[in-house]
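Chemist: Next up is a structure, given as structure tokens.
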Amino acid sequence: MPPEAPRPSIPEKLAGRRIFVTGSTGFLGTALVERLLREVPDCELVLLIRPGKRSTVEQRMAREIFGNDAFDRLRAQLDPPPAGEEASPARRRRGSANFDAMTARRVQAVAGDVGTDGLGLDEAGRSALASCDLVIHSAATVSFDSPLDGAVEVNLLGPTRIAATLNELGVTPHLIAVSTCYVAGNRRGAALEEMVDESPFFVDVSWRAEVEGARRTRTDADATSRTPEKLAAFRKAARVELGAAGTPALAAKTEQLRARWVSDRLVEAGRARAASLGWPDAYAYTKALGERALIETRGDVPVSIVRPSIIESALAEPRPGWIRGFRMAEPVIISYARGLLKEFPGVPEGIVDVIPVDLVVGAIIAVAAKGPEQDADGEAVPEVVQVASGSQNPLRYRRLVDLASAWFIEHPLYDHEGQPIVVPKWSFPGRGRVQGQLQRAKTTLERAERVLSQLPLRGKQAEFGAAIEERREEAERALGYVELYGAYAECEAVYGLDRLLALWDAQTPEDQSRFCFDPRVIDWDHYVREVHLPSVVEHGRVRTTPGGRIGPDRETRLRAQVLSPDRQLAAFDLENTLIASNVVASYSWLATRRLPRDERLRFVARTLAEAPSLLALDRKDRSDFLRLFYRRYDKAPVAQIDEDAEEMFSQLILAKSFPAAIRRVREHRRLGHRTVLITGALDFVVEPLRPLFDDIVCASLGRRADGTYDGELTDVPPTGESRAQALMDFAGASGIDLRESVAYADSTSDLPMLEAVGFPVAVNPETRLATLARKRGWLVEHWSKSPGAPRVLIPIGARHRTTSMSASAS
């Protein structure tokens, strides 16, 4: 009997094949592209990539795919680095001659979008697709809290759009669609490798009706968001967050809040609809109906469906622990390690069905090499292959928690003071109890936040309000994790792997070595402790060293950037930025300068009584406040004001100045930076500061022929957006690049100016600005007056023997 002919290997079966891949910029897609290029050297790839707002598909491919460290191994094989040089982002940016030549020869990028009918392909893209004999569809909206319509367009309709385009082109390549094991829903027990509608637990709904319903939900939510009542609520919320930041900033925030509200309604709708049909979330729900839609509409296109469970970091390929972005478990693990998740729901004896990404890639490639499933007549029939671990090599939830706990006890994270964080001991409560605890904590912190936002806090006091908001955000984040992932921790489905294991047994030993997809090879203790958790911590940007910080801290690094010789301009606000004073204090000093003692006391009493209304108007609109308040200078003698302002500068302005702020202005000038003071204060108040700055932009009052002020501003006061415009006009006239400029201010009314520059600095910030600065990573400076400086609430001018300001001014 003649010897059996050797079976062709996977690389031999795929040699010369042209493979169309969607989702190549994602976690699974990147790993798939890397393995095909490295292990199947004779295949070619066509990558469907959605163009960026400011980048071509070729640029995205170079940056987001080949710029990823997944390709370091292949790049080193083709272009060995010089002795002693390791793989690094810098080396990837420099490029590698042989690697670049290989990708140019074997990889083509085409612009398109699976969320668009016809895939958004132009003629060149359609021709490229038509030339392919294998299609691997891995693009998906993988977030568990995606808006319903977005998940429907990509997850449900994406596969059918590919099949429709192939049928329209008259080609029938093998289509491999990546789905998820969780299309089985919230069932308990065995979940077989069968079509979703073959399950006895499938709720028979029309996928077409679900598409129309999702689109209608978007239309209805959008229409509701535009009602006068809703728009008024969004504008009110914008003002609460930004204060008197000016009309453009408030309008942009209002629209952002409206769009977010619509998105939130779509997320809620997705969760509700999925739960009503027995799925854990909109992702699993749309994937399940996407499978059904694909099978119904595939026409002559042969289809295989590969269903992974929870895809996590690589076991071995392209290197142990490789991961791209945070997956499902990582945020929960990091929050646990930081002590933020005190409890998490789950069934301790339940299975956490995790599968390393390289095993999923191996299974997809093996399915591709095998070709479509065929019936007894040789006709292609749809098949399902599940890639999971629970039925053959289960990782129990309690075991995972124990492994993570032991690892973080041995390798703790550290808080901002360099102290080790003790991980909590979980008791595996139900979801309802954990959600209730977190919801109560969130509500309490929201109330505290509202109270603090009404107080006139600034500087380090305001940071307390920012800390409260940070705690509230942590509670919200933890609540979100419980709502999103709690169902997966409580899942008791066991996914059958008959086809996967049969496919594994059909591989040659060499292919089993190069394209491993057998979940039985995973040693969970080794994988969790030696591979996955170290990778999660590495990518988590968390502190892993004890004691004091090694090297400069964040503030020092930011300050060095601000004071770099490369900066071109430094713009300063005045009040609470350079001095601990304001327009009310300046006016009070000038108005009382020439008043008798009893009238001074009455003035102070009146001003204190007005304080709440003045503060409210200032918070509402800074420009309106200045216009109204400056009318008090009506009929004030110009010469007298000029004389008194000189004395006020020494007695009030200098006494209340921040020495560190003055030094900072001088430091900028020493470095050759242009300095400008932009303030809503009046010209006679800031005139003595002119030697300190190259330029001053300020407010000024009109004058009458009789030598008195008329109490009306000559121009729009430089506040809010007008302050930012003044800065932009100044920079434009001076040839200055604002991206290389610095701005210092204390209030959200200054937000437009701070956002206009590349290096914003919040000085003694009020609560709202302190919160924004923390979120955006801005430098925050806390500058104070000299010891012994006056601390009176209403400054009183030194008694002068001559006439007072006009009655209206006093």
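Chemist: State whether one or more residues within segment 194-205 are modelled with pLDDT of 90 or more and not acidic (D, E).
Modeler: Kept after step one, since they are modelled with pLDDT of 90 or more, are these residues of segment 194-205: 205.
Pick out the ones that are also not acidic (D, E) and you get 205.
Scanning segment 194-205, I find at least one residue that is modelled with pLDDT of 90 or more and not acidic (D, E), so the answer is yes.
Chemist: Within segment 407-420, identify whether any single residue is open to solvent by 30 Å² or more (accessible area, probe 1.4 Å), among the acidic types (D, E) and either on the phi > 0 side of the Ramachandran plot or modelled with pLDDT under 85 (or both), and answer yes or no. Break it down stepwise before answering.
Modeler: From segment 407-420, those open to solvent by 30 Å² or more (accessible area, probe 1.4 Å) are 409-411, 414-417, 419-420; that's our starting set.
Still in the running and among the acidic types (D, E): 410, 415, 417.
Cutting the leftovers down to either on the phi > 0 side of the Ramachandran plot or modelled with pLDDT under 85 (or both) gives us 415, 417.
For segment 407-420, residues open to solvent by 30 Å² or more (accessible area, probe 1.4 Å), among the acidic types (D, E) and either on the phi > 0 side of the Ramachandran plot or modelled with pLDDT under 85 (or both): present.
Condition check ((1) over 30 Å from P11 (Cβ atoms); (2) open to solvent by 20 Å² or more (accessible area, probe 1.4 Å); (3) under 29 Å from the mean Cα position of the chain (by Cα); (4) of a type in the set (A, V, I, L, M, F, W, C)) across all residues:
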site: L341; (1), (2), (3), (4): yes, no, yes, yes
site: F344; (1), (2), (3), (4): yes, no, yes, yes
site: P348; (1), (2), (3), (4): yes, yes, no, no
site: A363; (1), (2), (3), (4): no, no, no, yes
site: K370; (1), (2), (3), (4): no, yes, no, no
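Chemist: Same structure, new question: Out of the residues in segment 493-513 that are of a type in the set (A, V, I, L, M, F, W, C) and closer than 18 Å to T180 by Cβ, which is most open to solvent (accessible area, probe 1.4 Å)? Even if it seems obvious, please write down each step before you answer.
Modeler: First pass over segment 493-513, keeping only residues of a type in the set (A, V, I, L, M, F, W, C): 493-494, 497, 500-504, 506.
From what is left, the residues that are closer than 18 Å to T180 by Cβ are 493-494, 497, 500.
Working: A493: 7, V494: 50, L497: 5, L500: 1 Å².
Step by step, filter segment 493-513, then rank; the result is V494.
Chemist: What do you reckon, is E312 touching a Lys or Arg at 6+ places or on another chain (Cβ under 8 Å), open to solvent by 10 Å² or more (accessible area, probe 1.4 Å) and at pLDDT below 95? Write out each step before concluding.
Modeler: Values: touching a Lys or Arg at 6+ places or on another chain (Cβ under 8 Å): yes; open to solvent by 10 Å² or more (accessible area, probe 1.4 Å): no; at pLDDT below 95: yes.
It is false that E312 is touching a Lys or Arg at 6+ places or on another chain (Cβ under 8 Å), open to solvent by 10 Å² or more (accessible area, probe 1.4 Å) and at pLDDT below 95.
Quick grid of which residues meet (1) out of contact with any helix residue (DSSP H, G or I) (no Cβ under 8 Å at 6 or more places or on another chain); (2) surrounded by fewer than 21 Cβ atoms within 10 Å (Cβ to Cβ); (3) among the polar types (S, T, N, Q):
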| residue | (1), (2), (3) |
| --- | --- |
| E123 | yes, yes, no |
| R126 | no, yes, no |
| V171 | no, yes, no |
| V178 | no, no, no |
| R216 | yes, yes, no |
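Chemist: Among the residues of segment 714-725, is any surrounded by 15 or more Cβ atoms within 10 Å (Cβ to Cβ), in contact with a strand residue (DSSP E or B) (Cβ under 6 Å, 6 or more places away or on another chain) and modelled with pLDDT of 90 or more? Show your work before the answer.
Modeler: Residues of segment 714-725 surrounded by 15 or more Cβ atoms within 10 Å (Cβ to Cβ): 716-725.
Still in the list and also in contact with a strand residue (DSSP E or B) (Cβ under 6 Å, 6 or more places away or on another chain): 717-719, 723.
Next cut, modelled with pLDDT of 90 or more only: none.
Scanning segment 714-725 turns up no residue that is surrounded by 15 or more Cβ atoms within 10 Å (Cβ to Cβ), in contact with a strand residue (DSSP E or B) (Cβ under 6 Å, 6 or more places away or on another chain) and modelled with pLDDT of 90 or more.
Chemist: Filtering segment 499-524 down to residues that are among the aromatic types (F, W, Y) and in a helix (DSSP H, G or I), which residue is farthest from A191 (Cα to Cα)? Break it down into steps so the answer makes sense when it comes.
Modeler: If we filter segment 499-524 for residues that are among the aromatic types (F, W, Y), which is where we start, we get 504, 515, 517, 524.
This time we only want the ones that are in a helix (DSSP H, G or I), so: 504, 524.
Values: W504: 20, W524: 23 Å.
Restricting to residues being among the aromatic types (F, W, Y) and in a helix (DSSP H, G or I), the top hit is W524.
Chemist: Here's a follow-up. Failed condition for D618, given (1) touching a residue at least 12 places away in the same chain (Cβ under 8 Å); (2) in a helix (DSSP H, G or I); (3) within 17 Å of S700 (Cα to Cα), with all others met?
Modeler: (3)
Chemist: Still on this structure, please answer the following. What is the number of the single condition among (1) over 17 Å from L47 (Cβ atoms); (2) in contact (Cβ under 8 Å) with a residue 12 or more places away in the chain that A128 does not meet?
Modeler: In the conditions (1) over 17 Å from L47 (Cβ atoms); (2) in contact (Cβ under 8 Å) with a residue 12 or more places away in the chain, A128 misses (1) alone.
Chemist: Can A636 be described as under 17 Å from S581 (Cα atoms) and touching a residue at least 40 places away in the same chain (Cβ under 8 Å)? Give the steps one after another, and end with the answer.
Modeler: Details: under 17 Å from S581 (Cα atoms): no; touching a residue at least 40 places away in the same chain (Cβ under 8 Å): yes.
Answer is no for this residue.
Chemist: Continuing with this model, one more query. Test S741 against the criterion of being open to solvent by 20 Å² or more (accessible area, probe 1.4 Å) and either over 29 Å from the mean Cα position of the chain (by Cα) or small (G, A, S) (or both), and give yes or no. Walk me through it before giving the result.
Modeler: On the way: open to solvent by 20 Å² or more (accessible area, probe 1.4 Å): no; either over 29 Å from the mean Cα position of the chain (by Cα) or small (G, A, S) (or both): yes.
Against the criterion (open to solvent by 20 Å² or more (accessible area, probe 1.4 Å) and either over 29 Å from the mean Cα position of the chain (by Cα) or small (G, A, S) (or both)), S741 does not qualify.
Chemist: Restricting to segment 611-654, name every residue that is among the hydrophobic types (A, V, I, L, M, F, W, C) and within 24 Å of A705 (Cβ to Cβ).
Modeler: Scanning segment 611-654 gives A636, V638, A639, I641, A645.
Chemist: Right, another one. Identify, from the list D113, D117, D149, D133, the residue that is open to solvent by 20 Å² or more (accessible area, probe 1.4 Å), touching a residue at least 24 places away in the same chain (Cβ under 8 Å) and touching a His at 6+ places or on another chain (Cβ under 9 Å). Break it down into steps so the answer makes sense when it comes.
Modeler: Working: D113 fails: touching a His at 6+ places or on another chain (Cβ under 9 Å); D117 fails: touching a His at 6+ places or on another chain (Cβ under 9 Å); D149 fails: touching a His at 6+ places or on another chain (Cβ under 9 Å).
Residue meeting the stated conditions: D133.
Chemist: Now for a different question. One residue is enough: does segment 792-802 have a residue meeting the conditions of a type in the set (S, T, N, Q), modelled with pLDDT under 85, closer than 21 Å to Y587 by Cβ and open to solvent by 20 Å² or more (accessible area, probe 1.4 Å)? Even if it seems obvious, please write down each step before you answer.
Modeler: If we filter segment 792-802 for residues that are of a type in the set (S, T, N, Q), which is where we start, we get 802.
Narrowing further to those that are modelled with pLDDT under 85: 802.
Next, from what is left, pick out any that are closer than 21 Å to Y587 by Cβ: 802.
With open to solvent by 20 Å² or more (accessible area, probe 1.4 Å) added as a condition, the list becomes 802.
The answer is yes, given that some residue of segment 792-802 is of a type in the set (S, T, N, Q), modelled with pLDDT under 85, closer than 21 Å to Y587 by Cβ and open to solvent by 20 Å² or more (accessible area, probe 1.4 Å).
Chemist: Ok, one more. Which residue pairs have Cβ atoms under 7 Å apart, sit 6 or more places apart or on different chains, and have a first residue in segment 173-192 that is within 19 Å of S391 (Cα to Cα) and a second that is assigned to a strand (DSSP E or B) and open to solvent by 10 Å² or more (accessible area, probe 1.4 Å)?
Modeler: R188/E492; G189/V494; A190/V494; A191/V494
Chemist: Of the conditions (1) in contact with a Phe, Trp or Tyr (Cβ under 9 Å, 6 or more places away or on another chain); (2) open to solvent by 30 Å² or more (accessible area, probe 1.4 Å); (3) farther than 30 Å from Q640 by Cα, G735 clears all except one; give me its number.
Modeler: (1)
The values are calculated or read from the model by the stated rules, or taken from the named source; none is laboratory data. In this text, all values refer to a predicted model and were calculated from it rather than measured experimentally. Counting neighbours? That spans all protein chains shown, and the Cβs are built from the backbone with ideal geometry, glycine included. Note: areas computed on protein heavy atoms with side chains; ligands, DNA, RNA excluded. Shrake-Rupley method; radii C 1.70, N 1.55, O 1.52, S 1.80 Å.
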